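Step one of this worksheet: look at the structure below.
The values are calculated or read from the model by the stated rules, or taken from the named source; none is laboratory data. Quick caveat, the model's predicted, so the values are computed rather than measured. All Cβ positions, glycine included, derive from the backbone under ideal geometry; neighbour counts span all protein chains shown. What goes into the accessible areas is simple: the full protein's heavy atoms, side chains included, and nothing from ligands, DNA or RNA. Shrake-Rupley method; radii C 1.70, N 1.55, O 1.52, S 1.80 Å.
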Amino acid sequence: MMGYWWRFFARARTPAASAARPAAPNRDASPLLDESSAHGTVTGGEIEDRFHRFILNLPVNPGGVANPAREQSVLQRLGELCDNDRFDVRSLPRMPTVLPQLMRAMKSDNLNGAQLANLIRRDPVLVGEVMRVTGSVAYRTAHPVGSLQHAVVLLGQVGLRHVVSVYVMKPILMASAGTNGQVVGQRLWDHAERCAHAAVFLSKGQCDPFEAQLAGLVGYTGLGAIARLLEKELGQPLPACSPSFIAGCARIAARLSVHASRHWDLPSVVLDALMEHAEATPEAMAQPMSRVLHAAQRLAMCQQLAEQGLMDGEADYTDDSITQFPAQLLARCRQDLQRNFAEL
């Protein structure tokens, strides 16, 4: 099992795994488009169904006929592979050893640039990433960045948090395995970026923004593993699949995300939120972080689907599970996502 699970969560090891963003899908040929329901008012359930089909590369194909017996068999097999007693956490890639200390340090107002630089210096790859970012046009100053401490101060807490998060999570979500690995990885990373952005936006007065960003980044970690397992278990694409099958895959993926986050020793509030997502309905979520994550995921789904032409970006949708947030706040967050990502 160790080698088996490594392939589903492993970091990318080759240049192909960090290749440029794939070209936009051919709208005329894409099996994911459903023009009859792409516009107007949609429910939260419909949004999640479209999103998971898009990520997992499974067809909408309203004319197809699902095979309930086969779907149940596949879901049972996926559930067995992801069961707590069978899941080998040693097969998961390890987070850089410095990361938990760095995450705790960045929450403290007492650490200065020199202390943070000393922590970062323990990981040469992270040092290189910090220096690369601060050497970019966005951070270019009159005087070249001459030291790691200078780079840390130039980035500031927000910039450093972003660099650390991207450095850790992007290679995992972009891991290349299987025929659709690169496509699925890019789609997962695109969603993670949008979700993390929305989570920080919605976290004000609710929870720590860095922890919200982490939750947004790791919330769908398990979905990449499910995509690869489906490819292995099915052998060939399903001609059609039911909403209940998609929902079943999503539930198993949520459990895998909890496995991974526990193994990575992420902050307890992030782990608790992911566990609540895996076990409770959105309406029953009691923790502020859980509610922030759920709303951020839903808004990020809408943004990504709109970018792909799978949903009208201006469409209204009915979803009582995120109305715990004021409608104006949700609208501002949606507009902020459009400003930051629609033109990418």
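Yes or no: LYS232 modelled with pLDDT of 90 or more, more than 15 Å from the chain's Cα centre (by Cα) and either crowded, with 22+ Cβ neighbours inside 10 Å or of a type in the set (D, E, K, R) (or both)? Spell out how you get there, then give the answer.
Values: modelled with pLDDT of 90 or more: no; more than 15 Å from the chain's Cα centre (by Cα): yes; either crowded, with 22+ Cβ neighbours inside 10 Å or of a type in the set (D, E, K, R) (or both): yes.
Against the criterion (modelled with pLDDT of 90 or more, more than 15 Å from the chain's Cα centre (by Cα) and either crowded, with 22+ Cβ neighbours inside 10 Å or of a type in the set (D, E, K, R) (or both)), LYS232 does not qualify.
Would you pick out the residues in segment 235-246 that are open to solvent by 40 Å² or more (accessible area, probe 1.4 Å) and touching a residue at least 24 places away in the same chain (Cβ under 8 Å)?
Of all residues in segment 235-246, those open to solvent by 40 Å² or more (accessible area, probe 1.4 Å) come to 235-237, 239, 243-244.
Passing the criteria: PRO237, PRO239, PRO243, SER244.
Considering only residues that are of a type outside the set (S, T, N, Q), open to solvent by 20 Å² or more (accessible area, probe 1.4 Å) and touching a helix residue (DSSP H, G or I) at 6+ places or on another chain (Cβ under 7 Å), which ones fall in segment 196-210? Talk me through it step by step, then tell me what you get.
Here is the first cut: in segment 196-210, the residues of a type outside the set (S, T, N, Q) are 196-202, 204-205, 207-210.
Imposing the further condition that a residue be open to solvent by 20 Å² or more (accessible area, probe 1.4 Å) reduces the set to 197, 200-201, 204-205, 207-209.
Correct list: HIS197, VAL200, PHE201, CYS207, PRO209.
Of (1) open to solvent by 50 Å² or more (accessible area, probe 1.4 Å); (2) assigned to a loop (DSSP other than H, G, I, E, B), MET275 satisfies all except one. Which?
Unmet for MET275, out of (1) open to solvent by 50 Å² or more (accessible area, probe 1.4 Å); (2) assigned to a loop (DSSP other than H, G, I, E, B): (2).
Being in contact with a Leu (Cβ under 7 Å, 6 or more places away or on another chain), within 16 Å of VAL42 (Cα to Cα), surrounded by 13 or more Cβ atoms within 10 Å (Cβ to Cβ) and not β-branched (Val, Ile, Thr) narrows it down to one of LEU337, LEU310, so name that one.
Values: LEU337 fails: within 16 Å of VAL42 (Cα to Cα).
None of the others qualify; the one that does is LEU310.
Check off (1) over 21 Å from TRP264 (Cβ atoms); (2) modelled with pLDDT of 70 or more; (3) assigned to a loop (DSSP other than H, G, I, E, B); (4) out of contact with any helix residue (DSSP H, G or I) (no Cβ under 8 Å at 6 or more places or on another chain) for ARG132 and give me the number that stays unchecked.
Just one mismatch for ARG132, condition (3).
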